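Engineer: This is the structure I have questions about; it appears just below.
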Amino acid sequence: MVLVLAGCAKNGNVDEGQLEPNQEGLMAQYQVLINENSPVSELTGFIEKNKTGLSRENVDKAVLGLIKVQQARLKDYEDKMFSPEINIPLNNYKYEDLLLIRNIKEEDIKNLLQDVFSNGYKLSASEGMYYPEIDYNKLLNDFGGHASDKVAGYLEIMAAESNKHFATDAALIVSPDELADRIVKAEKFINSYPDFELVQQVEQFHSYYLQAYLLGLNNTPLFDYQTEKAKDSFIESYEKTISSQKGTKLAVILEEYTTLLKKYDYTRSDEIINYVNKVTGGK
């Protein structure tokens with residue numbers, strides 16, 4: 001009987017009242033899948049099957065291992081999608097048609113997209129080009145509730161960007177207020193988990209968001225190109241954030257920044273640009 005229960009635990013098929021799943025055995029099975037370069041769909045299937053039996057620590061390890069595999073394999077999918085034989089006919093389709101794979105005539109495109117979707121990627125578009133990216137929202141929905149606050153928080157930050165990119169074609173897509181919210185969430189995550197193994201990705205988005213919040217982007221600039229005056233939509237957001245996000249680093253930056261903007265009557269100056277470069281790590 002002990003052998004039977006141990007065997008069930010090793011396979012992760014343990015009913016209530018039986019022994020706890022063999023954590024070490026399950027993770028060993030998962031590592032074999034990774035070492036054998038198994039499809040991402042098999043990795044996600046394994047986590048889905050065992051997420052209630054695995055400890056939160058091991059769910060974290062499994063999900064982060066999955067993300068690393070997806071990140072490593074992403075370039076292969078990009079190369080295939082950007083190849084002329086795929087890219088040219090691909091761009092003749094509307095985005096909605098590509099999501100409905102049955103509407104695609106070319107078998108090579110249909111097979112590629114089926115592979116992309118089944119392996120945890122989504123299709124995105126920017127500057128008239130389609131490209132694959134990791135579907136962090138799916139990871140969050142599938143595994144966030146079984147992971148630690150640290151990994152769930154990371155997935156939330158990545159999913160927010162995956163669901164709605166903050167910018168495209170050198171223009172802000174989200175409002176200044178939403179951008180401020182993303183900055184604060186990233187800031188709090190970095191402060192809470194500075195040693196998290198994927199914290200560099202959060203730091204990178206934090207830098208992008210902060211730069212865009214303080215100066216805008218080429219097609220949605222803070223300073224009007226004609227008058228060089230700061231736009232009200234940004235200034236109002238800065239003042240709102242200072243009030244609502246007291247105690248954050250962003251609020252401190254904005255207090256200094258708005259003081260500097262007032263000094264120059266909200267007109268672009270070298271000192272303002274130098275300040276932004278200083279707080280964002282720019283040149």
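Engineer: Using amide H atoms built in the peptide plane, which far-off residues or other-chain residues are under 5 Å from ASP135 H to H?
Structural biologist: Distant-sequence amide H within range of ASP135: TYR121, LYS122.
Engineer: Might you report the magnitude of the Cβ-based charge dipole of the chain about its Cα centre, with Lys and Arg at +1 and Asp and Glu at -1, to the nearest 20 debye?
Structural biologist: 320
Engineer: Near ASP79, within a Cβ-to-Cβ distance under 15 Å, what is the net charge of the other residues, with Lys and Arg +1 and Asp and Glu -1?
Structural biologist: Value of the local net charge: -3.
Engineer: Of the listed peptides 120-129, 192-201, what is their order by residue-averaged count of other C-beta atoms within 10 Å, with the highest listed first?
Structural biologist: Listed from highest to lowest mean packing, they are 120-129, 192-201.
Engineer: Helix 107-118 versus the longest principal axis of the chain: what angle, 0 to 90°, nearest 10, using Cα atoms?
Structural biologist: 90
Engineer: Give the value in nm², to one decimal: projected area of the alpha carbon convex hull of region 129-267, averaged over all directions.
Structural biologist: Average projection, Cα convex hull of region 129-267: 9.5 nm².
Engineer: How large is ³J(HN,Hα) for each residue in region 37-52, as worked out from phi by the Karplus curve 6.51 cos²θ - 1.76 cosθ + 1.60 (θ = phi - 60°), to whole Hz, x for Gly and Pro?
Structural biologist: For region 37-52, the Karplus curve yields 6, 5, x, 4, 4, 6, 5, 5, x, 5, 5, 4, 5, 10, 5, 7 Hz.
Engineer: Note the angle between two axes, namely the Cα long axis of helix 56-82 and the longest principal axis of the Cα atoms of the chain, as a number of degrees from 0 to 90, rounded to the nearest 10.
Structural biologist: So the inclination is approximately 70 degrees.
Engineer: For the chain, what does -39500 (n - 2.57) per DSSP helix run (n ≥ 4), summed and divided by total residues, give at 222 nm, in deg cm²/dmol to the nearest 500?
Structural biologist: The helix contribution divided over the chain gives -20000 deg cm²/dmol.
Engineer: I'd like the orientation of helix 199-215 relative to the chain: the angle between its Cα long axis and the longest Cα principal axis, in ° from 0 to 90, rounded to 10.
Structural biologist: Roughly 20 degrees, rounded to the nearest 10.
Engineer: Which of TYR257, TYR130, ASN58 sits closest to the plus end of the dipole of the chain, meaning its Cα is farthest towards the positive end, when Lys and Arg get +1 and Asp and Glu get -1 on the C-beta?
Structural biologist: The Cα lying farthest towards the positive end belongs to TYR257.
Engineer: Determine, for each peptide in 26-39, 242-255, the mean count of other beta carbons within 10 angstrom over its residues, then list the peptides with the highest first.
Structural biologist: Ranking the peptides 26-39, 242-255 by packing returns 242-255, 26-39.
Laboratory data are not the source of any read-out in this text; all were calculated from the coordinates shown. Being a predicted model, the structure only gives us computed values, none of them experimental. Please note: Cβ atoms are built from the backbone with ideal geometry, for glycine as well, and neighbour counts cover all protein chains shown.
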